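Structure first, then comments.
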Amino acid sequence: QVQLVESGGGLVQPGGSLRLSCAASGTIFGMNVMGWYRQAPGKSRDMVAEITGGGRTTYDDSVKGRFTISRENTNNTIWLQMNGVRPEDTAVYYCYLNKFGFRYWGQGSQVTVSS
């Protein structure tokens, strides 16, 4: 019903920038809440940022002021602009979309912050 395809992960040096994208397709509506979680090795999957259909955003304290989530409802795409990255940002990043009480997930994108 809903497919999420992510792109943009990779290796980046501390202090650098990276942008993740997530394109949704299928039976969806432009007002669905979408966002990003991340999971580091041996840790739980934690929320990073979320954006409503109207553009209201929520961020985890650890990324406030460094990461920016945005969306384009026409193309059902969201982005996560990551600036000033730190080694502790290393994780697999998953985008998600909420629809009628169910959460759909992307395949995950590895982000590695290392010199």
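Read-outs: derived from the displayed coordinates by stated rules, not from any lab. These numbers come from a predicted model, not from an experiment. Ideal geometry is used to build each Cβ from the backbone, glycine not excepted, and the neighbour counts take in all protein chains shown.
Please find, in a Gaussian network model of the chain (springs between Cα atoms separated by less than 10 Å), the residue of LEU11, LEU97, LEU80 whose mean-square fluctuation is greatest.
Maximum fluctuation in the GNM of the chain, among the listed residues, is at LEU11.
Just ARG71, ARG19, ARG38 to compare: in a GNM of the chain, with alpha carbon springs under 10 Å, which one fluctuates most?
In the Gaussian network model the winner is ARG19.
Based on the alpha-carbon gyration tensor of the chain, what equivalent-ellipsoid semi-axes (square roots of 5 times the eigenvalues) come out, in whole Å, largest first?
For the chain, the ellipsoid semi-axes come out as 23, 14, 13 Å.
R0 = 22 Å: FRET efficiency of ARG19 with ASN75, Cβ-based, nearest 0.05?
The pair ARG19/ASN75 has a calculated efficiency of 0.90.
Give a quick list of chymotrypsin sites (Phe, Trp or Tyr not before Pro) in segment 1-68 that DSSP marks as loop, anything other than H, G, I, E or B, with at most 14 other Cβ atoms within 10 Å.
Within segment 1-68, the qualifying chymotrypsin sites (Phe, Trp or Tyr not before Pro) (loop, at most 14 other Cβ atoms within 10 Å) are PHE29.
Calculate, in nm to one decimal, what VAL33 and GLN1 gain on full extension: separation in residues at 0.36 nm each, minus their alpha carbon distance.
Length gained, VAL33 through GLN1: 9.9 nm.
Counting only DSSP beta bridges with both residues in the chain, tell me the antiparallel percent, nearest 5.
Antiparallel bridges make up about 95 percent of those DSSP assigns within the chain.
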